[in-house]
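First comes the structure, then the notes that go with it.
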Amino acid sequence: MSNISLEDTIAAIATPLGEGGISVIRISGPETFSIAAKMFHPAKGNLEQFSSHTIHYGEIRDRDGQVVDQVLVSLFRAPHSYTGEDVIEISSHGGLVITKKILDVLIQEGARHAEPGEFTKRAFLNGKIDLAQAEAVLDLIKAKSDKARQAALDQLSGSLSRHFKSLKDDLMKIYAHMEAYLDFPEEHLEVYSNQEFHSKFAAINREMSGLVGSFKRGSILREGISVVLAGKPNVGKSSLFNALLARDRALVSEFPGTTRDALEEALEIQGFYVRLTDTAGLSSTASSPVDQMGMERTRRALKQADLFLYLVDGSASLDEGDRLVFEELKSGRPPDRPILVLINKSDLRPALRLEDLQRLTGAGPQECLKVSTKTREGLDDLEKRIEALLLSGKPSGKEGGQVTRLRHKNALERACGALGRAEEAFVRQESLEFVIVDIKAALDELRELIGEIYSEDLLDVIFSEFCIGK
Ligand SMILES: Nc1nc2c(ncn2[C@@H]2O[C@H](COP(=O)(O)OP(=O)(O)O)[C@@H](O)[C@H]2O)c(=O)[nH]1
Ligand SMILES: [Mg+2]
């Protein structure tokens, strides 16, 4: 994809291909109305004279005059449309043959097939939205949870972009001041003192670092997290798995070793997207080849998880099996990933000594949660604990201070690095030209975030992820 020209008129089916109530075919570009007028025959009036933001009933006819479908046409005149161009949206009956045929007629009449994301790309090129907002359109469509949806919508409304712009403006002032100092030495401008320079940079740096720091939480919002259930056989992992999913997904039985494979399912916990994995109980004594394979999968799941739920049976005392699993868990997980300790079967008479569990896990008394998959006791608490852990990474504090995309985080990190180099050069009293080069580099990173400057390659990377028709 490398279409940066805005001269063509583009068309695409904007709804998923398949049967449904209606389908929408979208057209945008300078010839939109003249192309549509050749094939759309309104019940009343003339399409080219309709005013913007109106809807019209009529027929689509092919070149032989045959009726293809009865449709509604919505009309948007530039610049008041999604793309900023003349746009028409044809709502047809929702069927594969109909939509393909309408698109064919549009192409015959002079439109070109749109590339993935080309409507949104045009919205960007025409200045309707900036690049961070364009990315938010995709994130909104692909949101896997309610929290992801909210974060994307916030970014689409421009709050993150405003943040980037204000950082850019602050930096621009410093840059302009130093440029002027260099360009007009005869004007006797004052260049900053070390102290001034530092205080001006420190504020910008702090804010950018804050945004970088918000990425961990942001990527959780966007991508969700992986939670793994671990514990020796028969403590109730599969029962908890089913209880959290609210359906019987995993086999549960009183026989140890029922789960032989790692099962993964997606669910929402307090609005977050969570991939939950039930594991075959870890135990080094697995004998059969199938059990060995299950164990292998469990070990792999351990490495990829963001959070662990370690289960023990509260109606029995802690034993060697519990210990072995915990040791495996501790050594198999990435060290910064938290473990929540759960005492299951709280509906039965307690036999577990809390001190033993605390000694083994290092968890405080408040950190061991009593649950029962039978009565659902403690499950709400468990969900809240998980949410609290997810939210422990902080947003940067300001409105729109949430970075969810790796591209943004990387650019901000590079900008921080460049500012650091600029400050070092300034303090070492190197030629101001060197200082300015790095300030310019930081500035360009910020400008690229919102798309004030961009390469065709960057646009290709961003928009190729979109679907056709968006
Ligand atoms: N009383 C009681 N029994 C439970 C509870 N959770 C699981 N069980 C029982 O414990 C046994 C093992 O459960 P399962 O989920 O297969 O354990 P897993 O091997 O860890 O996956 C089954 O007979 C379950 O019915 C609970 O909260 N209370
Ligand atoms: Mg099981």
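The values are calculated or read from the model by the stated rules, or taken from the named source; none is laboratory data. Here the structure is a predicted model, which is why all the values come from computation and not from measurement. Cβ sites come from the backbone with ideal geometry, for glycine too, and all protein chains shown count toward neighbours. For the accessible areas, the whole protein counts, side chains as well, though only heavy atoms, and no ligand, DNA or RNA atoms are used. Shrake-Rupley method; radii C 1.70, N 1.55, O 1.52, S 1.80 Å.
Looking at segment 294-315, can you tell me whether even one residue there is part of a loop (DSSP other than H, G, I, E, B), more than 14 Å from K237 (Cα to Cα) and modelled with pLDDT of 95 or more? Scanning segment 294-315 turns up at least one residue that is part of a loop (DSSP other than H, G, I, E, B), more than 14 Å from K237 (Cα to Cα) and modelled with pLDDT of 95 or more.
Contact map, segment 317-328: residues that are aromatic (F, W, Y) paired with residues that are open to solvent by less than 70 Å² (accessible area, probe 1.4 Å), Cβ distance under 7 Å, separation 6+ or inter-chain. Pairs shown: F326/Y310; F326/L360; F326/T361.
Taking every residue in segment 261-281 that is not assigned by TED's automatic domain parsing to the domain that holds M293 and pairing it with any residue that is open to solvent by 20 Å² or more (accessible area, probe 1.4 Å), at least 6 positions away or on another chain, yields no pair with a Cβ-Cβ distance below 8 Å.
Within segment 17-69, the set of residues being more than 25 Å from K121 (Cβ to Cβ) and among the basic types (K, R) comprises K38, K44, R61, R63.
Scan segment 350-373 residue by residue and report those that are out of contact with any Gly (no Cβ under 9 Å at 6 or more places or on another chain) and within 16 Å of ligand 1 (Cβ to nearest atom). Residue satisfying the conditions is C368 alone. In segment 324-338, what residues are more than 16 Å from ligand 1 (Cβ to nearest atom) and open to solvent by 40 Å² or more (accessible area, probe 1.4 Å)? Selection gives E327, K330, S331, R333, P335, D336, R337, P338. Of the residues making up segment 218-226, none is modelled with pLDDT under 90, surrounded by 14 or more Cβ atoms within 10 Å (Cβ to Cβ) and within 12 Å of ligand 2 (Cβ to nearest atom).
When you check V97 against the structure, is it out of contact with any Asp or Glu (no Cβ under 7 Å at 6 or more places or on another chain) and in contact (Cβ under 8 Å) with a residue 60 or more places away in the chain, yes or no?
Values: out of contact with any Asp or Glu (no Cβ under 7 Å at 6 or more places or on another chain): yes; in contact (Cβ under 8 Å) with a residue 60 or more places away in the chain: no.
Judged against the criteria, V97 is not a match.
If you go through segment 404-428 and keep only what is assigned to a helix (DSSP H, G or I), under 22 Å from G224 (Cα atoms) and in contact (Cβ under 8 Å) with a residue 60 or more places away in the chain, you end up with L406, R407, H408, K409. Restricting S159, S193 to residues that are more than 16 Å from ligand 2 (Cβ to nearest atom), of a type in the set (G, A, S) and open to solvent by less than 30 Å² (accessible area, probe 1.4 Å) narrows the list to S159. If we scan segment 300-311, do we find a residue that is surrounded by 16 or more Cβ atoms within 10 Å (Cβ to Cβ), more than 24 Å from R217 (Cα to Cα), assigned by TED's automatic domain parsing to the domain that holds R385 and of a type outside the set (G, A, S)? Yes, some residue in segment 300-311 is surrounded by 16 or more Cβ atoms within 10 Å (Cβ to Cβ), more than 24 Å from R217 (Cα to Cα), assigned by TED's automatic domain parsing to the domain that holds R385 and of a type outside the set (G, A, S). Go through the residues of segment 407-425 one by one and say whether even a single one is crowded, with 16+ Cβ neighbours inside 10 Å and of a type in the set (D, E). The answer is yes; a qualifying residue exists.
Answer with yes or no whether L459 is open to solvent by less than 10 Å² (accessible area, probe 1.4 Å), over 25 Å from I174 (Cα atoms) and touching a residue at least 12 places away in the same chain (Cβ under 8 Å).
yes
Residues of segment 232-246 that are over 16 Å from A262 (Cβ atoms), more than 7 Å from ligand 1 (Cβ to nearest atom) and part of a loop (DSSP other than H, G, I, E, B): A246 alone.
If the condition is being open to solvent by 60 Å² or more (accessible area, probe 1.4 Å) and touching a residue at least 12 places away in the same chain (Cβ under 8 Å), then segment 355-382 contributes E367, K370, K374, T375, R376, E377, D381. Considering segment 185-231, the residues that are polar (S, T, N, Q) and free of Cβ contacts under 8 Å to residues at least 12 places away in the same chain include one that is nearest to ligand 1 (Cβ to nearest atom), namely S199. Count of segment 5-28 residues, restricted to those that are in a loop (DSSP other than H, G, I, E, B) and touching a residue at least 40 places away in the same chain (Cβ under 8 Å), is 8. Of all the listed residues (L318, L348, L352), the sole one being exposed (fewer than 15 other Cβ atoms within 10 Å of the Cβ), in a loop (DSSP other than H, G, I, E, B), more than 16 Å from ligand 2 (Cβ to nearest atom) and not small (G, A, S) is L348.
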